[in-house]
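Worksheet: the structure to be examined is printed underneath.
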Amino acid sequence: MKIISVVVVMFAIALGTPRTAAADTFWSSVGAGCHMEPASESIGAIDYTSGIVFFTGSNTGTIHLVCPVTKAGVATNPNFMDIQYSENHNDCSITAYFKRTTTGTSPSAGSIASVISTNHSGLWVASQGFTHTFSLDDNYYWMDVYVTRTSTNCDPWFYGVRLYYSS
């Protein structure tokens, strides 16, 4: 009986308490879940073990990633986006644009929101609020992510991007 009690307690501890932040995530993607544009493949790489996108060797330039957005989470419209990244110098930046294209016979594209990294060493998250009413019936959604390195003074890593609701 003691073994069963210990297993039940350990299971309860492993489950922990519900995290509201996780429940509010509408959609997320690790860097490896995005499509690297062919022109970027000569300067960048994806570590499929960790999902990180990074520059290879001493290459500089801009890695362009396209991340298709599909509804994956809560029914509430997201009102924030964030990027998780590591970059340690002003010669590097990571910018994400949340975009949409309308469906139908005359599609039109537009940017909903954007977020840019700031100069930090170590792992960071940059967030940006926005207002938009989602309609997967009327729009196609995606993220354009640009990882830029203008010198070898920095080594930017892109971990992922997320849409979420915050009250």
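Since every read-out is calculated from the coordinates, none of them should be taken as a lab result. This structure is a prediction, so every number in the text was calculated from the model and none was measured. No Cβ is skipped: glycine too gets one built from the backbone with ideal geometry, and neighbour counts run over all protein chains shown.
Things to note:
- Pairwise FRET efficiency - Tyr140 versus Ser58, Cβ, R0 = 45 Å, nearest 0.05: 0.75
- Computed on the range 20-164, the Cα convex hull volume stands at 115 Å³ per residue.
- Gain on full extension, evaluated as 0.36 nm per residue between Ser127 and Ser42 minus their Cα-Cα distance, stands at 27.7 nm.
- Net +/- balance of residues flanking Ser58 in space, Cβ distance below 13 Å, scoring K and R +1, D and E -1: -1
- Surrounding net charge for Val69, when Lys and Arg each add one and Asp and Glu each subtract one, Cβ distance under 10 Å: +3
- Residue exposure proxy: His35, His64, ordered by other Cβ atoms within 10 angstrom of their Cβ from fewest to most, comes out as His35, His64.
- Using the Cβ-Cβ distance between His89 and Ser114 with R0 set to 22 Å, the FRET efficiency works out to roughly 0.55.
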